[in-house]
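The values are calculated or read from the model by the stated rules, or taken from the named source; none is laboratory data. The structure presented is a predicted model; accordingly, all values stated were derived computationally and were not measured. Quick reminder, even Gly has a Cβ in these numbers, built from the backbone with ideal geometry, and neighbours come from all protein chains shown.
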Amino acid sequence: MQFGILWNLGIALEHDFLTELLNYYPPTISLNEKSKLVSELRDKTMTINDLEKEIKIYKSALGIRD
């Protein structure tokens, strides 16, 4: 399928087919680091990791075990 057709279908159906295709890439293919999606994912992952560390600290302070 041509890219333009996929793009137009996505716009018409309000569905992001292009991002969905990423699920089918082999894990050996590196993603474009300049991509907005990739940078947002990296930032969100770092935020989640930081918040998980904070939760462990709070649980420890309150004597809550996992």
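Structure summary
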{"item": "Subset of the stretch 34-63 (residues that are under 12 Å from the mean Cα position of the chain (by Cα) and not in a helix (DSSP H, G or I))", "result": "35"}
{"item": "Output for the stretch 17-50, where each listed residue is at pLDDT 90 or above and among the acidic types (Asp, Glu)", "result": "40, 43, 50"}
{"item": "Output for the stretch 34-47, where each listed residue is surrounded by 10 or more Cβ atoms within 10 Å (Cβ to Cβ) and either among the basic types (Lys, Arg) or under 23 Å from residue 66 (Cβ atoms) (or both)", "result": "42, 44, 45, 46, 47"}
{"item": "Selected residue [surrounded by 11 or more Cβ atoms within 10 Å (Cβ to Cβ), part of a loop (DSSP other than H, G, I, E, B) and free of Cβ contacts under 8 Å to residues at least 60 places away in the same chain] from 31, 9", "result": "31"}
